[in-house]
Each structure stands twice: as structure tokens, then as C-alpha cells.
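Only one structure is covered here, and it is reproduced in the block below.
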Amino acid sequence: MKFIATDMDGTLLDNNRKVSEESVRAIKEAQKAGITVVVATGRDYTEAITPLKEVGLRLPLICVNGADIREEDGNVIQQQSLSTDQFNVINRILQEEEIYFEITTSKGTYTNNEKRGLELVVDLLKTTGEFSSYEEAMALAEKRFEQGAVFRTDDYHEILRGEGTLLLKVLAFSTDREKRERAEAKLAQELNISVSASARDNLEITHQYATKGKGIEIMTKRFNLDVSEAMVVGDNFNDVSMMQIAGYAVAMGNAEKEIKQLCDFTTATNGEDGVAKAIRSVITHQLQD
């Protein structure tokens, strides 16, 4: 393998949303061995670079599920956006189903209902089992606003009318499975777009060609490599597109059951340095060859 792509949440990031020292060492070992390491995440660029900066890592980034692809210095390689007409349909369908959503744009991520956004993020965090109390989960949810990861607005349309603003993703949250399924079915019927999920209770809506799989194709080509030379690591449904095309797919120990069944191998959990273990297994195998 000459190329490794790793998801962030539930994968490269531990349960404290940090990149562990062990993972940093493993990534640097891979780079020293001539392997290109990239991050492929549903996060926008701002949220993606923050945990990397904390540990001094500079990596190429496939952000927003492939809607925003960046060089390691942050320069944009490619952005794929949803049109205004597509957003109008998405907006109508999600409102019909009473599903809260945020928009991720080239200028940042926005919410038009901070209270509901906080409550839903808390619910999602608590379902992971990582937080024993409501207060702990709320503190982390509020950090998204305090650190400028999410901005407040009264009108999504006003944001999207801004000069040079591209709509990269609509991120919808609902703990009601039937509502999510109805919305997904309507979206598929009316629009030619990509709908995936990074957790059981969300929908990630992007341009039809904005997937992690397409991002891997673009990035490997950029390094004059073939996708068959790529290993990818992930834990959830927005990782499926890259797992299906890569030469080798690794599921995290904490991955959904369906993801594990799709992959060639299952590593340890994100709390047990699963990414570092997967990277080192590649390096060891190649040294033996």
C-alpha cells in the first residue's frame, strides 16, 4: 500500500475527539516509509484541521465527504456544491418531515436554531455512551459554537446569497428513524444527489459526486497512484464509498456491524489506537515483502 486514508470521528480521533500520540507516531512512520496519508471526513475544513493542528500534523484533506478537497497547506483542489434549486427542494422535504438541519458552506457551517441544534448534538453524543451526564455532553456541544465551528443565522437563504458562497453539505439530524427514511426516499425520488450518514441519527446530503470515494480517486490520481494501492479506515456509512473502491478496507472495532462485514479487516477501536495499529500492520507487511 502506498496511500492511506482515514476517517476522523470514531476513527482517527479518540473518545475525547483528539488524535492520540500513538496515532501521530504511526502516521509519521508511514510517511517516512513513503506512504501518503490523508484524512477523509464529513467535517468541514475548519473542524477538520483543528485536531490536526493540536498535534502538529499537516495532511491533505478530503473534507465534507468529498465536497471540499484540500492540499496539506489548505489550498483548494476541488469543491463540489449543491445548487440553489437543489437546496430549495432539500429545505422543503426536511421541513415537511420536521427534521432539523444545518448547512455547511465554503464560508463555514450555520444553524438557524441553536437551541435545537445543541439538544440534538447532546442526544447524539449521549447515544455513543462516551458521556455519563447531560452536562458533559452539553459542554462539548456548546464548544462547537464557542470555537466558531458553527455560526448562527436567522435565514439560510441569506447566507447562500452571499458572494462566492458555495453550499457544500446539508447535515440533517433526527432521532426518528421513520422520518429520516421518508426524507431520504423523497430526496432520492426528486434529486440526483448523494445521501450518506456519519451516525445512526443523521443524513449528510451533498452533490452527487461529493463522496469520500470520489475524493480518494481524485487524491490518488494527484499522487500518481491507483486506488488499488490505497488502504482506507473508517467506522460509519459515509465511509462506504471509499471502502468499496480501495484496494484494502479496514473497519474500526467500534464500527457499525454492516461496515465490518464490508471490510477486509477489523482493527481495534478508536479508543484503542485502531488507526495506528492498522497503519503499522501495513508497514510491517511491506517490510516483510
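Quick look at the values:
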{"item": "Per-pair calculated FRET efficiency, R0 = 35 Å: THR175 and ARG152 via Cβ, rounded to 0.05", "result": "0.95"}
{"item": "Amide proton proximity set for THR109, modelled H, under 5 Å, gap of 5+", "result": "PHE151"}
{"item": "Contact order normalised by residue count of segment 1-84, Cα under 8 Å, 6+ apart, percent", "result": "24 percent"}
{"item": "Long-range amide H partners of GLN208 with built H, under 5 Å", "result": "SER194"}
{"item": "Within the chain: Cβ-based charge dipole about Cα centre, in debye rounded to nearest 20 (Lys, Arg +1; Asp, Glu -1)", "result": "600 debye"}
{"item": "Hypothetical label at GLN244: residues of segment 33-55 whose amide nitrogen lies under 18 Å (7 Å Cα-Cβ projection)", "result": "41-42"}
{"item": "Rounded FRET efficiency, nearest 0.05, which uses the C-beta distance separating THR165 from LYS115 and R0 of 22 Å", "result": "0.35"}
{"item": "C-alpha long axis of helix 177-190 to longest principal axis of the chain, angle in °", "result": "90 degrees"}
{"item": "Beta bridges by DSSP in the chain, antiparallel share as percent, to the nearest 5", "result": "55 percent"}
{"item": "Relative contact order (%) - criterion: Cα under 8 Å, at least six apart; region: the chain", "result": "23 percent"}
{"item": "Ranked packing of 235-245, 181-191, 99-109, most packed first, by mean Cβ within 10 Å", "result": "235-245, 99-109, 181-191"}
{"item": "Between helix 114-127 and the chain: long-axis angle, C-alpha atoms, 0 to 90°, nearest 10", "result": "40 degrees"}
{"item": "Charge context of ARG180, other residues only, Cβ under 12 angstrom, K/R +1, D/E -1", "result": "-3"}
{"item": "³J(HN,Hα), Karplus 6.51/-1.76/1.60, whole Hz, each residue of segment 203-211, x for Gly, Pro", "result": "10, 10, 10, 9, 3, 4, 9, 9, 9"}
{"item": "Derived scalar couplings ³J(HN,Hα) [segment 48-60; Karplus, 6.51 cos²θ - 1.76 cosθ + 1.60; whole Hz; x for Gly, Pro]", "result": "6, 6, 4, x, 6, 4, 4, 10, x, 9, 10, 10, x"}
{"item": "Helix-derived mean residue ellipticity, 222 nm - over the chain, DSSP H n ≥ 4, -39500 (n - 2.57), to 500", "result": "-12500 deg cm²/dmol"}
{"item": "Karplus-derived HN-Hα couplings along segment 271-281 (A = 6.51, B = -1.76, C = 1.60, θ = phi - 60°), whole Hz, x at Gly and Pro", "result": "x, 10, 6, x, 5, 4, 5, 5, 4, 5, 5"}
{"item": "Spacing of the two label points (7 Å from each Cα toward its C-beta) at LYS32 and ARG200, in nm", "result": "4.1 nm"}
{"item": "Relative contact order, percent, segment 174-232 [alpha-carbon distance under 8 Å, six or more residues apart]", "result": "23 percent"}
{"item": "Distance violations [Cα-Cα > 28 Å] among LYS169/LYS277; LYS143/LYS221; LYS257/LYS277; LYS115/LYS277; LYS179/LYS260", "result": "LYS169/LYS277; LYS143/LYS221; LYS115/LYS277"}
{"item": "Amide H within-cut-off set for ASP44, under 5 Å, with H built and near neighbours excluded", "result": "VAL64"}
{"item": "Stokes-Einstein diffusion coefficient of segment 84-207, Kirkwood radius over Cα pairs, 25 °C, 0.890 mPa s, in µm²/s", "result": "163 µm²/s"}
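Every read-out reported here was derived from the displayed coordinates using simple, explicitly stated rules and does not represent laboratory data. Computed from a prediction, not measured in an experiment: that's the story for all the values here. Glycine also receives a Cβ, built like all others from the backbone with ideal geometry; neighbour counts cover every protein chain displayed.
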